[in-house]
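Here's the structure, in structure tokens; my notes come after.
The values are calculated or read from the model by the stated rules, or taken from the named source; none is laboratory data. Being a predicted model, the structure only gives us computed values, none of them experimental. With ideal geometry, Cβ positions are generated from the backbone for all residues, glycine too; neighbour counts draw on all protein chains shown.
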């Protein structure tokens with residue numbers, strides 16, 4: 001079997017093995033003790049490059065005619081040969097996975113040799129499989145090459161991006177009041193359930209009351225009222241009996257906020273935002289302080305952002321260079337994408353760390 005076909009097989013089986021190993025209790029019970037991996041790495045490093053690390057007795061390219069000499073039929077793979085193969089399949093493969101990979105590789109060699117003996121490497125099915133395997137390997141190699149090229153980022157590239165996007169690295173300590181858009185319906189007995197018209201009237205009256213309450217809370221916030229007390233009042237008027245959320249959001253960045261609320265980052269320290277409405281409620285912000293992450297601290301994030309952008313641009317250019325068209329009579333019409341349901345906003349998101357986009 002050509003090497004790229006075997007590599008595809010091993011990639012799939014190894015990925016499956018990693019998933020099953022990490023998810024089964026038995027694997028957890030047999031996990032090596034702390035330090036075992038380091039000891040194995042150290043021992044493996046002392047094995048000479050030309051030393052056999054896999055020996056398959058009974059497998060050879062030309063089996064001997066004399067069955068009594070079958071014991072001399074061996075396939076030997078040295079450390080250098082094995083590591084060259086590992087580097088092609090998964091560079092930096094953890095030591096704990098190499099034994100599993102070696103076992104699967106040896107088994108695949110035995111099976112492929114038997115398949116060739118049976119003439120299974122002939123015929124149209126085999127050729128189609130190999131064409132697909134070749135395409136998969138080439139796609140993976142292209143992906144790896146584009147990733148490597150996208151990672152070639154100079155210090156000047158990082159500095160230019162930082163100075164051109166300073167606003168992305170601003171962080172502000174924010175407080176926020178969340179006001180529900182309507183009041184919670186009171187509990188009623190089944191026999192006293194309001195009619196549809198009555199329910200609609202109650203909803204409209206509740207929405208009007210909450211809008212009026214929002215305007216009042218905004219005026220009080222501008223006057224310097226405590227945000228925590230205003231948040232409690234908002235939930236009381238809304239009829240929500242559970243405790244009101246914290247108004248402190250910690251330090252936030254523009255990318256951490258919903259797009260329609262990111263403008264609060266333009267406030268000055270101490271300023272109160274206007275009322276921001278969305279389909280679920282109203283928001284009032286106060287910006288307490290603001291600073292900018294230094295370039296030195298932002299370098300890793302910028303490098304990741306540039307690498308991701310460049311890789312995506314390269315992939316987009318390749319994919320747009322040739323556009324497939326599928327016959328709808330044969331494949332059917334393109335299925336409609338399901339509408340993502342709206343999610344109510346979190347009243348007070350937890351502080352997030354600075355990560356690449």
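Below, the figures for the structure above:
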read-out	value
Residue check, residue 214 out of contact with any helix residue (DSSP H, G or I) (no Cβ under 6 Å at 6 or more places or on another chain), closer than 27 Å to residue 247 by Cα and crowded, with 16+ Cβ neighbours inside 10 Å	yes
Scope the range 230-254; condition outside any loop (DSSP other than H, G, I, E, B), in contact with a helix residue (DSSP H, G or I) (Cβ under 9 Å, 6 or more places away or on another chain) and exposed (fewer than 15 other Cβ atoms within 10 Å of the Cβ); matching residues	248
Top-ranked residue in the range 184-202 [being at pLDDT below 90 and surrounded by 12 or more Cβ atoms within 10 Å (Cβ to Cβ); ranked as farthest from residue 284 (Cα to Cα)]	194
Residues within the range 123-160 that are touching a residue at least 24 places away in the same chain (Cβ under 8 Å) and in a loop (DSSP other than H, G, I, E, B), tallied	2
The lone exception for residue 260 - which of (1) under 32 Å from the mean Cα position of the chain (by Cα); (2) on the phi > 0 side of the Ramachandran plot it fails	(2)
Boolean, residue 176 is under 30 Å from residue 283 (Cα atoms), in the same structural domain as residue 240 (by TED's automatic domain parsing) and at pLDDT 95 or above	yes
Close pairs from the range 95-122: first exposed (fewer than 15 other Cβ atoms within 10 Å of the Cβ), partner not in a helix (DSSP H, G or I), Cβ under 6 Å, at least 6 apart	110/59
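Results for (1) under 27 Å from the mean Cα position of the chain (by Cα); (2) under 30 Å from residue 247 (Cβ atoms); (3) without any contact (Cβ under 8 Å) to a residue 60 or more places away in the chain, shown as yes or no for each residue.
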position	(1), (2), (3)
288	no, yes, no
293	yes, yes, no
298	yes, yes, no
302	yes, no, no
307	yes, no, no
317	yes, no, yes
325	no, no, yes
329	no, no, yes
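To keep it simple, each residue is scored yes or no on (1) touching a strand residue (DSSP E or B) at 6+ places or on another chain (Cβ under 6 Å); (2) in the same structural domain as residue 52 (by TED's automatic domain parsing); (3) farther than 30 Å from residue 40 by Cβ.
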{"position": "89", "(1), (2), (3)": "no, yes, no"}
{"position": "94", "(1), (2), (3)": "no, yes, no"}
{"position": "100", "(1), (2), (3)": "no, yes, no"}
{"position": "103", "(1), (2), (3)": "no, yes, no"}
{"position": "118", "(1), (2), (3)": "no, yes, yes"}
{"position": "128", "(1), (2), (3)": "no, no, yes"}
